[in-house]
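Inspection log for the structure reproduced underneath, given as structure tokens.
The values are calculated or read from the model by the stated rules, or taken from the named source; none is laboratory data. In this text, all values refer to a predicted model and were calculated from it rather than measured experimentally. For neighbour counting, all protein chains shown are included, and Cβ atoms are generated from backbone atoms with ideal geometry for every residue, glycine included. We work out accessible area using only protein heavy atoms, side chains counted, and drop any ligands, DNA or RNA first. Shrake-Rupley method; radii C 1.70, N 1.55, O 1.52, S 1.80 Å.
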Amino acid sequence: MTITIGLLIPFIGTILGAAMVFLLKDEISPRLQKLLLGFASGVMVAASVWSLLIPSIEMAEEQGTLASWLPASVGFLSGMAFLLLLDSLIPHLHIHSDEPEGVNSKLKKSTMLVLAITLHNIPEGMAVGVVLAGMMEGASNITLAGAMALSIGIAIQNFPEGAIVSMPLKSAGRSRRKAFVAGALSGIVEPIAGIITILLIRITLPVLPYLLAFAAGAMIYVVVEELIPEAQNGRHSNIATIGVALGFVLMMILDVALG
């Protein structure tokens, strides 16, 4: 039951964010979008360090790995490479861009916008899954409170992502209900990715340090390649910087205080 709750908490954050389409009349202002994108970046960077990379190094030390930094380094670079591959293959469109990325496709812009957020959510689901799996397997440096802190932190930053998807879809002419469903479903990949990660770790526990760092690398790729450039584009980039600071500190507090 605990594992199910941990997997669903981030998805619930996306659903609640998408539900803003029923409460807000107008599209989210550019300044607020920058703040929210920066906030999501800060949460993901802090989660990558405290919830994933540090536990990866500590676990490698416990396993007696000759170079404790090796699993973290290999896993991190592999995660970056994996997201680079997905980014190159999956057709998607970012919020303030008119140029689709990935392979050529005839998909609608609204569909590619949803795919862009879905692409962001894959590493987040992996991160939650790998931490929950570590807790299940009795890793000494991963506690239930720490795993829940990560789920809650990602849920908090998923809230604005759900709204950022659903509100533009409503403005583009979709009904509120359809915009809500599309925004909510953009987060369904998280529990799916989490479940797959947990099943993989149950089979190959020795690779847990690598998978922790893999999830960190995938999350940092999203931050550096997509979230921060979008947040810093145009005017009022300082608002995004404030968002990064707030998100980083909040996730750090959650992880240190609860973990």
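For region 28-175, with every protein chain kept in place, what is the accessible area per residue (1.4 Å probe, Å²)?
40 Å²
Any idea what the relative contact order of the chain is, in percent, if you count C-alpha pairs under 8 Å spaced at least 6 apart?
Relative CO of the chain lands at 45 percent.
State which entries of LYS108/LYS178; LYS34/LYS108; LYS108/LYS170 exceed 19 angstrom in Cα-Cα distance in the structure shown.
LYS34/LYS108
Return the sequence-ordered ³J(HN,Hα) values of region 235-248 in whole Hz as given by the Karplus equation 6.51 cos²θ - 1.76 cosθ + 1.60 applied to θ = phi - 60°, using x for Gly and Pro.
Values per residue, Gly and Pro as x: 7, 6, 5, 5, 5, 5, 5, 4, x, 4, 4, 5, x, 4 Hz.
Write down the Å³ per residue value for the convex hull defined by the alpha carbon atoms of region 1-92.
154 Å³
With every protein chain in place, what's the accessible area of GLU61 (1.4 Å probe, Å², nearest 10)?
110 Å²
Expressed as a whole percentage, what fraction of the accessible surface of the chain belongs to carbon and sulfur atoms when a 1.4 Å probe is rolled over the protein heavy atoms?
So the carbon and sulfur contribution to the accessible surface is 70 percent.
Can you give the local net charge around ASN158? Use residues other than it whose beta-carbon is closer than 14 angstrom to its beta-carbon, Lys and Arg +1, Asp and Glu -1.
Net local charge, ASN158 excluded: -3.
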